[in-house]
Each structure stands twice: as C-alpha cells, then as structure tokens.
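Reading through the structure tokens given below for one structure.
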Amino acid sequence: MTEAHRLYARWGAVRITERLERDFPRLLPREATRRRAAGPVELDFAAALKASQAVSGELVLDRLIETLLTIAVENAGAERGLLIRPRGAECDLEAEVVTVRDRVEVTLRQAPITPNDLPLAILHYVMRTRETVILDDAAAPNLFSDDPYVRERHPRSVLCLALVKQGTLVGVLYLENNLTPRVFTADRIAMLELLASQSAISLENARLYTELQRENSERRRAELALREREARIRCLVDSNIIGIGFWDLDGRITYANDAFLRFVGYSREDVIAGEFYWAKCTPPEFHEADERALEELRLTGEFRPFEKEYVRKDGSRIPVLLGGARFAGSEREGVAFCLDLTERKQAEERQKLLLNELNHRVKNTLVIVQAIAAQTLRTTDSPRAFAEAFGARLLALSQTHNLLNETSWQSASLHDIVGAELSLYAEGDARRFSLAGRDVPLRPEAAVTLGMVFHELSTNAAKYGALSVPSGQVEVAWDVKTCAAGRRIHLEWRETNGPPVQAPHRKGFGSRLIERDLERQFAGDVRLEFLPEGVHCVIDLPLDRVAV
C-alpha cells in the first residue's frame, strides 16, 4: 500500500492519492513534512519583523517577488529558490533566485513549470495538502527519491511550503541547498513560515494592485482612444466635406453640420427650434424609398446609401446620396451622411446632351456625305472622275470638321474656313488670293455649309477660273451690315486676271449647293455671276442664323 501511495503521488494522481491518505492516515509522510523539534525554537523577532515589514510594504508585484525571494534565501541558508504561482489547474514558475559568490540574483521567469526546475512530486504534494515538505537529506531514501529531479540533480536539503491566504493557495516557495544536508533548521523554518503568512497576503494584494493598475491603464487607453476617435469624428463633421446630421425616429434632425445645412438651405436656428424634419424635406415620390431605408435600419441598424432628392427651404431641389446608421446602444437615434450630387447630375446631363449632339452630328454628317455622293454621281461621267470629285469634297468636309473640333464644335472662324479651302489651290503662293473682313465665328451647321460652298468655288476657280493660270487672283471680302431686316453678313467672291469665263450650260453641284442650301437653310440671298473677267459671287446671310 505504501509503494502504491508513493507511485500515485509521483504520477500526480491527486484524487487517488487523497483517497488513500483519507482511508489510511499512516501513509502520510510525516517524517518528511514535520519540522524538527529537537530543542527549543529561537526566533529572531527583530529580523522577523523587519522581513515582514519589507514584504508587506511592497505593492509592485515584480519588486515584491524580488524582495520575498531575497529574504527567503538569506534567512534560510538556501543556494537556490523558486516562486511558483497557480494559474487555474496549472502553475507557472514566476521567478528564480540563486546565490553567486555571496551575491543574490533574482530572475523573473514567468514560464510553465518543467521537471528540470524542481521535484514535481514535492510540488504536487504541497499544492494538494498545503503542508510543508522538508527533506533534511534528500540523498537518503525518502518518499520522493524516485522523482527525476531528485535522481538527476541530487539536492541535499529541500524545503517547499505553501503560501496560503484564507484557505486559498496563492503561491509555493521552493528552496534547496545542493551542498549541505540539514540546512533548514527549526528556527529558519519558523522564520520562513512566519514570512509565508505575510507573503501570501502581500502576493494577493500585489496581484489585486497589478490588476487594478492594468484595469486603470486599459481604461485610460480606452478613454484616450475614445477621445481620439471623437476628435477624428469631430474633425470629419467640422471639415464639411460631406453633410452629417443626427436624427431621431420621430423624424427630427437634432444636429447638422454646416455642409448639411448648406445642402438643404436651413439654418442652425431652425435645427435648434426643432423645425427641421426629414419628411418635410422629402418630395412625395421619395417617401417609399425612405420607408425602405427605415425598415432596413430597424432590421440591421443601418441603411445602405441610396439616391434621393431633398426639398430645400426655398422650395428648390437638390439631388443627394444618403446613408445612415443607428448609434450603438440606441434604438431611436442615429447619424446620417449626405453627399451633394448636383455636380455629378450636371455632368451626367452634359454627357447626355453631348451624346445626343454627337448622335445628331453623325447623322447630319452621313446625310451630307450621302448628298455629296448622290450629287457627285449625277455630275460625273466616269468612276475616276467620281472618285476625284467625291474625295476632294470629303476632304473639304473634314477640314471644316477639324476647325470645329478645335473649339469642341462650338464655332469655326469664317476667315479660317475660306483660307483653308483656297490654300489647297494656291500652290504655296499666298499672293494668289486675299481675304478681307473682321473675323466672324460661325455656328457648326453654317460652318459646314459655307465650307462646302467655298470648296466648290475654289475647285471651280482651279479648274476653269482665276486659279487655273499663274496670273489669276481671287479676292474674298465680307462685312457685317445693319439694314431694315436686321444685321446681315455680306460676302463677295471675285476672280480676276483669269481666262475668259462663260456661264455653264447646266447647273453643277456647286451652283445647286450655293443657291439651294444657303437660301433654304439660312434664308440667305445668293447671286452667282459668270462675268468675262471672272466669277463673281455675292452671298448675303442673316447674322443671327449663321454666327455665334
């Protein structure tokens, strides 16, 4: 039975060991747990009081552990000591103390206990029974002789006692001397047991103090983090990058930053007076969207951003992107984030207009190209002639488009349009033609038509008129005049020093273009004359129909 008890104790079978000791009290290792009583105990009360005061006066856990282990080693004559702290069902090595050439060194370890640190069988016994274990000579056979630490390290004197406060184990003090047996005398044991009582109290107080310090530190960090978060939120609110408003489920806006107030046109006084309600600012067609957002808010605590409009205090409307959430811990109050979408909506409208304009422009260009192709086909008698005439007219059209592209199709200069067409046939000599008149910015549709008109006049001059001979010249002049019908632009094309000119037997593409398009499209007056000295063309157009 004794051997079974020894093996169970060694294996750490706590419940079986306790039951054996309860049923067979003679198995308790009294010879190893009782202090020796040979002779009276002489306790140095002054030293004991000093040690007790040193331990009780320290609240910082690390310093308390260092003080406790130093006093224990110095008063017990130990070479090495350990402080073990329970952690639930486990225990940790809190610190280790050793004597090195009459100098005490304490090392904070805070690591799990291993069989290499101390005899685990002794530790488990003390933790279970709360009794002090004293091995006067660990080299002699005893209950713990089979412990791996005892077999391998061969300690001579061992003392292990529990630090108990009000029945609760708060620590275990382990001391050993590897040189001398019977180091732990009765008076030293008495001193250590007195010190153990105060140490248990001080360790528990230090633990509570450390936890309080940690809680205070965590609370201060939490308060600092909260202040920093509030400062960031305040910075966001005050930056007025987006509109921010606080609301309650009654529909009242209880606070709004300047951006939000600017969006809806209300004043801070309106908010303070309780006159700012979101339902009041919402057009009827958005009430259903608001109800969906509120239902989502009730279910999830937030609602996803959605687009709506607000009615401003002056009755105008503003498009916004609205999102929001409830405050944590509140069922009736929350925050809303509002972004002004006016610029985006305007950009979308501009893009829509641009696409419509582009679509209209492409269709018009295709109509013009189709008309040019049809007219060219009717006035040419061979594929080669068609290709040359059609290609030249498309080039003229593209030149006008290029000029319009420079102003994003807002306008094109009359001077540039005329000059671009004539320069193709001047053979690099700018003296072959002259342009006179103040510049007039033409509307896109007028620029395209006049570009084709001047192309036909230039082509005709290069083939049959003034530009077909080296001495020929072309003069183009225009002016803006005011008459009873309003302001009109008067333009003249005059060819000189060219070959004799005769009127054609039938009207070609150019003649029909000049007379038909300018008269029909712009209500203009056109006079085309084939004089002996050269072609003379007079064009008179309403300024408001052709100019920007």
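Every read-out reported here was derived from the displayed coordinates using simple, explicitly stated rules and does not represent laboratory data. From a predicted model like this one, the values you see are computed outputs, not experimental measurements. So basically every Cβ, Gly included, is an ideal-geometry build from the backbone, and we count neighbours across all protein chains shown.
Per 10 Å bin, what percent of the C-alpha pairs of the range 481-548 does each bin hold, from zero upward?
Pairs per bin, as whole percents: 19, 44, 27, 10.
What order do you get for 204-217, 124-137, 463-476 when each peptide is scored by the mean count of other beta carbon atoms within 10 Å, highest first?
Result, highest mean first: 124-137, 463-476, 204-217.
List, in order, the whole-Hz ³J(HN,Hα) value for each residue of the range 266-271 obtained from phi through the Karplus relation with A = 6.51, B = -1.76, C = 1.60 and θ = phi - 60°; use x for Gly and Pro.
8, 9, 5, 5, 4, 5
Taking amide H atoms as placed 1.01 Å from N in the peptide plane, list the residues 5 or more away in sequence, or in a different chain, whose amide H sits under 5 Å from that of T254.
Those qualifying (amide H under 5 Å, at least 5 residues apart or on another chain) are F246, W247, D248.
Search the structure for amide H atoms under 5 Å from the amide H of V440, placed 1.01 Å from N in the peptide plane, and list their residues when 5 or more places away or on another chain.
L414, H415
Please give the contour-minus-distance gain from Q370 to T107: 0.36 nm per residue of separation, less the Cα-Cα distance, rounded to one decimal in nm.
84.8 nm
For the range 238-308 and the range 436-469, compute the distance between their C-alpha centroids and round to whole Å.
After rounding, the separation between the Cα centres reads 62 Å.
Rank the residues R101, R516 as a footprinting-exposure proxy: fewest other Cβ atoms within 10 Å of their Cβ go first.
Fewest-to-most Cβ neighbours within 10 Å comes out as R101, R516.
Explain nothing, just compute: Karplus ³J(HN,Hα) = 6.51 cos²θ - 1.76 cosθ + 1.60, θ = phi - 60°, for every residue of the range 416-421 in order, whole Hz, x for Gly and Pro.
After applying 6.51 cos²θ - 1.76 cosθ + 1.60, I find 5, 5, 5, x, 5, 6 Hz.
Could you calculate the contour length gain from V98 to S330, that is, 0.36 nm times the residue separation minus the distance between their Cα atoms, to one decimal place in nm?
77.6 nm
May I ask you to work out the translational diffusion coefficient for the range 364-491 at 25 °C, viscosity 0.890 mPa s, via Stokes-Einstein with Rh from the Kirkwood sum over Cα pairs, reported in whole µm²/s?
Once the numbers are plugged in, D ends up at 156 µm²/s.
Using Cβ contacts closer than 10 Å as the measure, can you line up W478, W278, W493 from fewest to most?
W278, W478, W493
Order by neighbour count: S411, S434, S199, fewest other Cβ atoms within 10 Å first, most last.
S434, S411, S199
Considering only DSSP states other than H, G, I, E and B, which chymotrypsin sites (Phe, Trp or Tyr not before Pro) in the range 379-427 qualify as loop sites with at most 14 other Cβ atoms within 10 Å?
Of the chymotrypsin sites (Phe, Trp or Tyr not before Pro), not one in the loops of the range 379-427 has a Cβ with at most 14 other Cβ atoms within 10 Å.
Over all distinct alpha-carbon pairs, what is the Kirkwood Rh of the range 130-281 in angstrom?
22.1
How do the peptides 77-90, 338-351 rank, highest first, by the average count of neighbouring beta carbon atoms within 10 Å per residue?
Sorting 77-90, 338-351 by mean packing, highest first, produces 77-90, 338-351.
Please list, ordered by chain and number, the residues whose modelled amide H lies under 5 Å from the amide H of G324; skip anything fewer than 5 residues away on the same chain.
F303, F337
Of [x] 212; [y] 165; [z] 391, which is the value of volume of the Cα convex hull per residue in Å³ derived from the coordinates here?
[z]
Once phi is turned into θ = phi - 60°, what whole-Hz ³J(HN,Hα) does the Karplus curve with 6.51, -1.76 and 1.60 give for every residue of the range 513-523, x standing for Gly and Pro?
Listing the rounded values in order: 4, 5, 6, 6, 5, 5, 6, 6, 6, 10, 6 Hz.
How much length is gained on full extension from L59 to R298, taking 0.36 nm per residue of separation minus their Cα-Cα distance?
Full-extension gain reported as 81.0 nm.
Under the rule of -39500 (n - 2.57) per DSSP H run of 4 or more residues, summed and divided by the residues of the chain, what mean residue ellipticity at 222 nm is obtained, to the nearest 500 deg cm²/dmol?
-15000 deg cm²/dmol
What is the spin-label model distance, in nm, from A289 to A273 if the labels are put 7 Å beyond Cα along the C-beta direction?
Those two pseudo-labels are separated by 2.9 nm.
How big is the gap, in Å, between the Cα center of the range 309-330 and the Cα center of the range 127-146?
79
Based on the alpha carbons, how large is the Rg to Rh ratio for the range 240-340 when Rh follows Kirkwood?
Reported Rg/Rh, Kirkwood definition of Rh: 0.93.
Please give the peptides 443-454, 531-542 ranked by average Cβ packing (other Cβ atoms within 10 Å per residue), highest first, as a rough proxy for protection.
Per-residue Cβ counts within 10 Å, averaged per peptide and sorted highest first, yield 443-454, 531-542.
How charged is the neighbourhood of A139? Take every other residue with its Cβ under 14 Å from the Cβ of A139, and add Lys/Arg as +1 and Asp/Glu as -1.
-2
What is the diffusion coefficient of the range 198-258 in µm²/s, taking the Kirkwood radius over Cα pairs and the Stokes-Einstein relation at 25 °C with a viscosity of 0.890 mPa s?
In µm²/s, the coefficient is 161.
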